[in-house]
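Right, one structure below, let's go through it.
The values are calculated or read from the model by the stated rules, or taken from the named source; none is laboratory data. None of these values were measured; they are calculated from a predicted model. Cβ placement follows ideal geometry from the backbone for every residue including glycine, while neighbour counts extend to all protein chains displayed.
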Amino acid sequence: MYKLLDNISSPSDLKSLSISELRELCSEVRDYMIKCCAQNPGHLGASLGAVEIIAALHYVYDTPKDKLVFDVGHQAYAHKILTGRKEAFKTNRTKDGISGFPKIDESPYDAFGAGHSSTSISAALGLAESARILGKDEKVVAVIGDGAMTGGLAFEGMNNAGSSKANLLIILNDNDQSIDKPTGAIHNYLLKITTSGKYNRLKKSVWDHLGEGWLRNRFQKWTIDAKSNLVRKSGGALFEALGFRYFGPIDGNDLQALTNTLSRLKNLHGPRILHVHTKKGKGYAPAEASPAVWHAPGRFNPETGERILSKYDVPRWQDVFGDVLTELARRDPRVVGVTPAMASGCGMSALEASLPERFYDVGIEEEHAVTFSAGLAAGGLRPFCNIYSSFSQRAYDQIIHDVALQRLPVVLCFDRGGVVGEDGPTHQGVFDMAAYRSIPGAIICSPRNELELKNLMFSGLCSKSGPYIIRYPRGCAEGVPYKEAPFAEITPGTGTVLKKGGRIAILALGNCVCRAMEAAAEAEEKLGLAPTVIDLRFLKPLDEPMVLEAARTHEAVLTVEDGCIKGGLYGAVAELLEREQIKTALYGLGVPDEFIAQDTQKAQRAGCGIDKQGILQKIERIFFKKVLENKE
């Protein structure tokens, strides 16, 4: 099907290609990537823009001996396709398929795993220093882009790398985009460099008048040196002040320029940074026109670019959050929204559209987002800071030091709590409840439906201290009407009995409550056993009187949670029963002590036993163990 790509089994096969053939190969890689992602969705836009960078790196460097480290991983699809995983790419982000991100144990070409932002420079520095100490002849390149340079860790790594004089090349892939539109001084600074008037006027007046051949090549070599001096006046000195030699900017979609420049930089020593400018979505018109939409577009028609949009019978959790936040902001002038580059993903675009002066997108900076929110609260505002659950881990210290210690009224909304599906282990939001339960004064709650989310957000606004943590899952909510319902404050630490039964009490949180209700109804119908179902609503403070009453009046207690079972709800209830010396049998369902592999959310929940069928089977095993053993 593909003239060149079908004959590429490893990067060594690229070495014999001419530049014109390499260009053709890049076109084939793009076409293959588009066709695969049309049927099997993934992060498309950034990878389309980085095809030439990846092809040039494998063309010039000797991988896997030389190490390539990618940031985030959104850029790395071409890397996977060109490193012996072309056929496997059809399984990208599916159960037992390859990961959507670089992964050490997947391929020797993946020098370092990545799923979160801004890690590449620190990791690449570690690899470079390891090679130096062990006497290995290895070159190390970090490819950072898609907004990752706004993360503080990137600058921590650069600060250390520059002072260490490590033999390291950083490629700054500047595509003017992260996921949502870029923000902040760093982005504006990079854009200033890229659009330097002096450089572009010089290129326009001379370049176009030179014909193909040696004269243009000589001029190109001269511009690499001249350009460094020109851009240094408009900001290149920032990188050089950190100890890096700065080169660029160059066109990151121009293979000739890339291969020439990388060949020259390859044998230089010390910390270097090459600034390249690429187009997110390059080579596919719909993605070029709407880079934010095509960052992860879902399924689409590869010929027309028409997206095959999912139809939701009920709203998504993120949309409910956005609606409620906007309503709260209209009612209370103190309410503001803060997000680290996830405005559309978390639903905060609704606030941005309605009340832009009360909306803050701080870039990919979770730590700053939390401390900034703490400052807003200290100044008298009521910030709602929305962070994906797995990304909140980066701000753990700030949540303790800047919010909890000072008891500041910051409402932290953790989207994507629980298992998240195809993004896999790097993005699973399963550690939040166990992690934050140990923080003194923290309030942690999880709504079972849309109306509960609305009222818990209102209750967070009413809270006099923080952190007030609300966590909810990815995907569709439960279909409970909420828009016309009045706000109602829920007192922290108060659960509610949804179904009164006997023998076993099911204590659940979040969307697991709804699955517990479904399982209880089926248990009553099929097993003749009617469980009690309690929505605890709050992990912390726990409704201790309700839990103790349930334990004293039932033969068994079963906890159900969509977080890690160690240290979460099961742990909290076990600690309480042990403290009160209550011997009621206690069982738990939750995410086991392992990293959950990529799959659909439905399959992941089933695998953890936290869907309706899993809860029902657990009840059967508890009360009908002998019957089941006899059947077996």
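Hey, among the residues in the stretch 64-91 that are in a loop (DSSP other than H, G, I, E, B) and at pLDDT 95 or above, which one's farthest from the chain's Cα centre (by Cα)? So that I can check it myself, show each step before the final result.
Step one: filter the stretch 64-91 for residues in a loop (DSSP other than H, G, I, E, B), giving 64-66, 71-76, 83-87.
Next cut, at pLDDT 95 or above only: 64-66, 83-87.
Values: P64: 27, K65: 29, D66: 27, T83: 24, G84: 26, R85: 23, K86: 24, E87: 26 Å.
Ranking the qualifying residues of the stretch 64-91, first place goes to K65.
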Residue match in the stretch 522-542 (condition: surrounded by fewer than 20 Cβ atoms within 10 Å (Cβ to Cβ), in contact with an Asp or Glu (Cβ under 6 Å, 6 or more places away or on another chain) and farther than 24 Å from S390 by Cα):
yes
Per the filter on the stretch 390-411, residues within 16 Å of V338 (Cβ to Cβ) and not in a strand (DSSP E or B) are F391, S392, R394, A395, Q398, I399, D402, V403, L408, P409, V410
For A435: the one exception among (1) more than 19 Å from the chain's Cα centre (by Cα); (2) in contact (Cβ under 8 Å) with a residue 24 or more places away in the chain; (3) assigned to a helix (DSSP H, G or I)
(1)
Filter the stretch 445-483 down to the residues that are aliphatic (A, V, I, L, M), buried (at least 21 other Cβ atoms within 10 Å of the Cβ) and out of contact with any Leu (no Cβ under 7 Å at 6 or more places or on another chain) and list them by number.
L453, L456, A477
Check the stretch 565-580 and report whether any residue there is in contact with a Pro (Cβ under 8 Å, 6 or more places away or on another chain) and in the same structural domain as I615 (by TED's automatic domain parsing).
yes
Name, by its number, the condition in (1) out of contact with any Lys or Arg (no Cβ under 6 Å at 6 or more places or on another chain); (2) surrounded by 24 or more Cβ atoms within 10 Å (Cβ to Cβ) that does not hold for K139.
(2)
If you take just the strands (runs of 3 or more DSSP E) that sit entirely in the stretch 446-545, which of them hold at least 1 residues that are among the charged types (D, E, K, R) and without any contact (Cβ under 8 Å) to a residue 60 or more places away in the chain?
496-499
Restricting attention to the stretch 234-254, does a residue exist that is assigned to a helix (DSSP H, G or I), out of contact with any Lys or Arg (no Cβ under 8 Å at 6 or more places or on another chain) and modelled with pLDDT of 90 or more?
no
Return a yes/no flag: does the stretch 10-32 have any residue that is more than 20 Å from G283 (Cβ to Cβ), at pLDDT 95 or above and charged (D, E, K, R).
yes
Residues satisfying the stated conditions in the stretch 412-422, i.e. in a loop (DSSP other than H, G, I, E, B), surrounded by 24 or more Cβ atoms within 10 Å (Cβ to Cβ) and either at pLDDT below 95 or on the phi < 0 side of the Ramachandran plot (or both):
G417, V419, V420
Given (1) surrounded by fewer than 18 Cβ atoms within 10 Å (Cβ to Cβ); (2) charged (D, E, K, R); (3) part of a loop (DSSP other than H, G, I, E, B), where does R264 come up short, assuming only one miss?
(3)
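Of the residues H269, H275, which is in the same structural domain as E129 (by TED's automatic domain parsing), in contact (Cβ under 8 Å) with a residue 60 or more places away in the chain, exposed (fewer than 15 other Cβ atoms within 10 Å of the Cβ) and outside any helix (DSSP H, G or I)? If you could, list the steps in order and put the result at the bottom.
Numbers: H275 fails: exposed (fewer than 15 other Cβ atoms within 10 Å of the Cβ).
Result: H269 is the single residue among H269, H275 that is in the same structural domain as E129 (by TED's automatic domain parsing), in contact (Cβ under 8 Å) with a residue 60 or more places away in the chain, exposed (fewer than 15 other Cβ atoms within 10 Å of the Cβ) and outside any helix (DSSP H, G or I).
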Is it the case that the stretch 484-497 has a residue that's under 30 Å from the mean Cα position of the chain (by Cα) and surrounded by 24 or more Cβ atoms within 10 Å (Cβ to Cβ)?
no
Please pick out the residue among G460, G429, G424 that is touching a helix residue (DSSP H, G or I) at 6+ places or on another chain (Cβ under 8 Å) and outside the structural domain of C608 (by TED's automatic domain parsing).
G429
Among the residues of the stretch 80-118, write down those that are surrounded by 22 or more Cβ atoms within 10 Å (Cβ to Cβ) and under 22 Å from A55 (Cβ atoms).
K80, I81, L82, T83, N92, S99, G100, F101, P102, D110, A111, A114
Residues located in the stretch 17-36, provided they are buried (at least 19 other Cβ atoms within 10 Å of the Cβ) and either touching a Lys or Arg at 6+ places or on another chain (Cβ under 6 Å) or in contact (Cβ under 8 Å) with a residue 40 or more places away in the chain (or both)
L22, C26, V29, R30, Y32, M33, I34, C36
By residue number, the members of the stretch 366-378 that are of a type outside the set (F, W, Y) and either free of Cβ contacts under 8 Å to residues at least 60 places away in the same chain or buried (at least 24 other Cβ atoms within 10 Å of the Cβ) (or both) are E366, A369, V370, T371, S373, A374, G375, L376, A377, A378
Being surrounded by fewer than 16 Cβ atoms within 10 Å (Cβ to Cβ), of a type in the set (S, T, N, Q) and on the phi > 0 side of the Ramachandran plot is the requirement here; does Q581 meet it?
yes
